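Here, each number is a calculation from the coordinates, and none is a lab measurement. Please read these numbers as outputs of a predicted model, since none were measured by experiment. As a convention, Cβ positions derive from the backbone with ideal geometry for all residues, glycine included, and neighbour counts pool all protein chains shown.
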Amino acid sequence: MFKLFKNFNKKDICLIVTSIILIVLQVWLDLKMPDYMSKITILVQTEGSKMSEILTNGGYMLACAFGSLVSAIIVGYLAANISASFSMKVRKKLFDKVERLGIHEVKKFSTSSLITRTTNDITQIQMLISMGLQLIIKAPITAIWAITKILNKSWQWSAITAVAILILLSTIISLMVIVLPRFKIVQKLTDKINGVTRENLTGIRVVRAFNAELYQEEKFEKTNEKLTKTQNFNQKAFSIMSPVMYIIMYFLTLAIYFVGAYLIKDALMVDKLSLFGDMVVFSSYAMQVIMSFLMLAMIFMMVPRAQVSAVRINEVLDTKLSIEDGTYDIKNNKEVGTVEFINVSFKYPDAEEYLLKDISFKANKSETVAFIGSTGSGKSTLINLVPRFYDVTDGEVLVDGINVKDYKQEDLHNKIGYVPQKAVMFNGTIASNVSYGENGKENITEEKIKEAIQVAQAKEFVENLEDTYNSHIAQGGTNVSGGQKQRLAIARAIARDPEIYIFDDSFSALDYKTDSSLRKELKKYTKDATSLIVAQRIGTIMNADKILVLDNGKCVGMGTHQELLKNCSVYKQIALSQLSKEELENA
């Protein structure tokens, strides 16, 4: 947890120091009141005492109480600001780290867990800081100061107070030992709840189509019940604290007065009044000591969960990135728009078998290179090596003659226009989605957006919408069709004017007419750029300059459409499964 506290800046430290000063003032004022109470007690029982003296001491007590209240309010305000500022910085740091995590690291933590760590876990630490500044600092100061004030009053009263404190500490430590391991379970179950909820919302159409609502409810209920039982156990365990506290407080008060009665009875007449005043003061200070430990107990209830949360946050922050930036300066580039694979092999981390084996090819500027093969042959994985979503296991991937590992990721991605297999839309407008991320150099103009949408064959449906280019797009693009999402995703890549286009099976949701029109316009528009296309349809790639045929991760054929029909049996089988011999001959 202390590693996270490095995120406090100078301003936060100044506010913390100010809070500590105010807390010390507050404690001094609180501990000053019993002294005035003792004076009032003695004045009331002393003959000849003036009412003005009693009222004066009473006024001092009120002033101390008011000063303590003002200090508490200011400390509360400062603590809220410090904790909110701290959580904002840690949340940003965590979000930035997640943005830089490789796909493998994201899968390792799981999406739902990363969401929980960015929200719930940080909230736990924020609550601890907010309460801790007020209680963790105040409680020990109050306890120590109060103990020093009562030590010289009576060893009997001091012994009774020490026994009460020991019982209290034993109770707190026992609860910590029992509850701490269960807080780790709570956070993991919270991850699981988030995961089940997210899965249900993402797949809501499938759930309804298969009448699986009851199944999903049972799945959620099972996890929810585990979380509830664990939380109930923790809360029941901590609920013991309150009655134990009050029993100790009341018995301590009773014991002090009981022992005090015997001390006063056996004392000389001169000392009786002094002992009575000491007893009242001691009782007040003893309550302050117990209340200090009560405050610490409240913090101890929060510390274990915050500690678990801090460990989970640090797990992400301390994760070593598998994909690090290179140092190459792109101004030194001599080639433009080339992609080359040299003996590339790849397997996923922790996997035993290679998914891609010994792939070599080169795509020159203005060329279109296509990839085709059966499902699971490694087509998408292969092109995902170009933007470094994964790093090769063996061999090299070169962009413009430079190993992709040597590029800064921002520079590498600025060269690429990427259209994923599953079109992703973000909450916003059509225009904001097409201009998403800009292009790393300058803003994408409205004219550029319209041009990209026209090339992507999306102009007709966009301009038929009520707000045209400013029409709302829901998160995930749930308010547009699959084909419309694909066309907008293609427009987003076009608007960047990249050197290299990557189309990862990006035409699958389009009808044949739209597909044909889009490819014709795209060929004209991207004539100076390199295109890498993954496709299932022969019609989409038959005019490519070069086609790679993949089978079980190996390249079993490379050439033009006509060459592969003659020389590659795998390609011929795929082609004949989609088109007749006559169609292939006339293509």
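Between Thr148, Phe86, Pro304, the Cα set farthest toward the positive side of the dipole of the range 4-317 (charges on each charged residue's Cβ, about the Cα centre) is that of Phe86. The dipole here belongs to the range 450-557: it is taken about the Cα centre, uses +1 on the Cβ of Lys and Arg and -1 on the Cβ of Asp and Glu, and is about 260 debye.
Here the contact order of the range 4-317, divided by its residue count and restricted to Cα pairs under 8 Å and six or more residues apart, works out to 31 percent. Close amide H contacts of Ile547 (hydrogens built in the peptide plane, cut-off under 5 Å, sequence separation of 5 or more or a different chain): Ala370, Gly559, Thr560. Per-residue Karplus couplings for the range 207-214, computed as 6.51 cos²θ - 1.76 cosθ + 1.60 with θ equal to phi - 60°, are listed in order as 4, 6, 4, 9, 6, 9, 4, 5 Hz, Gly and Pro entered as x. Identify which of the listed values of Cα Rg over 2.2 N^0.38 Å was calculated from the structure shown: [x] 1.45; [y] 1.23; [z] 1.40. Of the listed options [x] 1.45; [y] 1.23; [z] 1.40, [x] comes from this structure. On full extension, the segment bounded by Ala351 and Glu463 gains 35.5 nm, given 0.36 nm per residue less the C-alpha separation. Extending 7 Å from Cα along the Cβ direction at Asp358 and again at Ile20 yields two label points whose distance is 6.7 nm. Taking the DSSP bridge list for the chain and keeping only pairs wholly inside it, about 50 percent are antiparallel. In deg cm²/dmol and to the nearest 500, what is the mean residue ellipticity at 222 nm of the chain if only DSSP H runs of at least 4 residues count, each as -39500 (n - 2.57), divided by the residue total? For the chain, the value works out to -21000 deg cm²/dmol. The 3J(HN,Hα) values that the Karplus relation (6.51, -1.76, 1.60; θ = phi - 60°) gives for the range 500-509 are, in residue order, 10, 9, 10, 10, 8, 6, 8, 10, 5, 8 Hz. Gly and Pro appear as x.
Residues whose amide H comes within less than 5 Å of that of Ile473, counting only those at least five positions distant or on another chain, are Gly428, Thr429, Ile430 (H built at 1.01 Å from N in the peptide plane).
When each of Phe426, Phe258, Phe282 is scored by the number of other beta-carbon atoms lying within 10 Å, the sequence from fewest to most is Phe258, Phe426, Phe282. Residue order for Asp329, Asp121, Asp394, Asp35, fewest other beta carbons within 10 angstrom first, comes to Asp329, Asp394, Asp35, Asp121.
Sorting the segments 476-489, 518-531 by their mean number of nearby beta carbons within 10 angstrom, highest to lowest, gives 476-489, 518-531. Shape class of the range 91-175 from the Cα gyration tensor (axes a ≥ b ≥ c, square roots of the eigenvalues): prolate, since a/c reaches 1.5 or more and a/b is larger than b/c.
The stretch between Glu563 and Ser517, if pulled fully straight at 0.36 nm per residue, gains 14.0 nm over its current Cα-Cα span. Averaging Cα coordinates gives a centre for the range 480-522 and one for the range 287-348; these two points are 35 Å apart.
Summing Cβ point charges (Lys, Arg +1; Asp, Glu -1) relative to the Cα centre of the range 4-317 gives a dipole of roughly 1280 debye.
Using a 7 Å offset from Cα along Cα-Cβ at Gln573, what residues in the range 532-558 end up with backbone N under 19 Å from the label point? Flagged as within label range: 535-539, 548-558.
The distance linking the range 135-196 with the range 547-561 is 69 Å (Cα centroid to Cα centroid, whole angstrom). Listed values for the range 455-466 are Karplus-derived 3J(HN,Hα) couplings in whole Hz (6.51 cos²θ - 1.76 cosθ + 1.60, θ = phi - 60°), namely 4, 7, 6, 10, 4, 4, 6, 5, 6, 7, 6, 4, and x replaces Gly and Pro.
When the P(r) of the range 4-317 is calculated, the portion above 37 Å amounts to 36% of the C-alpha pairs. Gain on full extension, evaluated as 0.36 nm per residue between Thr478 and Val206 minus their Cα-Cα distance, stands at 96.5 nm.
Across the options Asn403, Phe282, Leu128, the greatest Cα extent toward the positive end of the charge dipole of the chain (unit charges at beta carbon of Lys, Arg, Asp, Glu) belongs to Phe282. Put a plus charge on the Cβ of each Lys and Arg, a minus charge on the Cβ of each Asp and Glu, and nothing anywhere else: the dipole of the chain about its Cα centre is then about 1200 debye. Residue order for Glu460, Glu99, fewest other beta carbons within 10 angstrom first, comes to Glu99, Glu460.
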